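Below is one structure, written out as structure tokens; the observations come after it.
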Ligand code: ATP
């Protein structure tokens, strides 16, 4: 069943055979006043985006490229938490749909067998220091058959991991259903308090080593899990605990 059974998430869908990036499309829809929950989805992306200006490798007609437009009544400092809400929703959807053993690499990558199957990119637009809208882009490698050499050791797809093809529309519907429920839990107190237990249960970094790139000096620590703000709690070698932001950490060994 690939009909989307949601109240608002993905009810209004703009579909593109090919576009530059669905985040760019969803931002344009935001500028035009499209409603909360509008989804921009494409069969192919010619200029898919990752974080910090990086690219996202596309397999036309095979994968999921979609971006949801949100109009949350939250402050800009809370917006990055939405990335984690989406990561949790996407991993729950993938697990339920395919039965594959997917997990989260903090804060926003989905991983199977140590290789990335999904990336999430959140962008927001501010007006007088308030959020006018947020766009969350999700790229899932569904039926991708092969990756260029530089990605081959780090990227995989649901097809490569399971040996069979998956219906993209069903997965999209599942992600939207999970996201709508998780988003409403997030909005109750504007934090990840109601979601962190499930998130931490799927977190692959837990009890593993991370390298923290603190401006005052790098250090190695053990990751314990996220707190209600979505920060990664780590324990240093001397036992001190710290909460680190996503820009500060490079995660190893996953
Ligand atoms: P990284 O995954 O390199 O640690 P990141 O989490 O910041 O960094 P994203 O911005 O989520 O990465 O995604 C962009 C990066 O993902 C690219 O630099 C590339 O290494 C990798 N990548 C690009 N396309 C794909 C793809 N289709 N599947 C998996 N990984 C990809």
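Go ahead and estimate [θ] at 222 nm for the chain from helices alone: -39,500 (n - 2.57) per DSSP H run with n ≥ 4, summed, over the residue count, rounded to 500.
Values: 6 runs with 66 residues, N = 254.
Only helices count here, giving -8000 deg cm²/dmol.
Where in the stretch 204-219 does the amide nitrogen come within less than 11 Å of the point 7 Å from the Cα of residue 235, taken along Cα to Cβ? Label zone hits: 207-208. Note on residue 20 and residue 219: the model spin-label points, each 7 Å out from Cα along the C-beta direction, lie 4.3 nm apart. Here the residues 62, 27, ranked from fewest to most Cβ neighbours within 10 Å of their Cβ, fall in the order 62, 27.
The residues 175, 77, 234, 212, when put in order of fewest to most other Cβ atoms within 10 Å, stand as 77, 212, 234, 175. Counted by neighbouring Cβ atoms within 10 Å, the residues 150, 97 run from fewest to most as 150, 97. Maximal additional length on extending the residue 52-residue 6 stretch stands at 13.4 nm, based on 0.36 nm per residue less the C-alpha distance.
Share of pairwise Cα-Cα distances greater than 21 Å in the chain is 57 percent (whole percent).
Taking the DSSP beta bridges in the chain as the whole, what percent of them are antiparallel, to the nearest 5? Bridges in the chain that DSSP calls antiparallel: roughly 85 percent.
Take the Cβ-Cβ distance between residue 32 and residue 128 as r, set R0 to 22 Å, and report the resulting FRET efficiency rounded to the nearest 0.05. Mind showing how you got there, number by number?
On the way: r = 20 Å, r/R0 = 0.90.
Efficiency computed from Cβ-Cβ geometry: 0.65.
If you find the alpha carbon centre of the stretch 167-231 and of the stretch 123-153, how far apart are they in angstrom? Value for the Cα centre distance between the two parts: 16 Å.
Cα centroid separation, the stretch 71-119 to the stretch 1-68: 16 Å.
Computed from the coordinates by the stated procedures, all read-outs in this text should not be read as laboratory data. Bear in mind the structure is a predicted one, so any value in this text is a computation, not a measurement. When we count neighbours, we look across all protein chains shown, and the Cβ atoms used for this are built from the backbone with ideal geometry, even at glycine.
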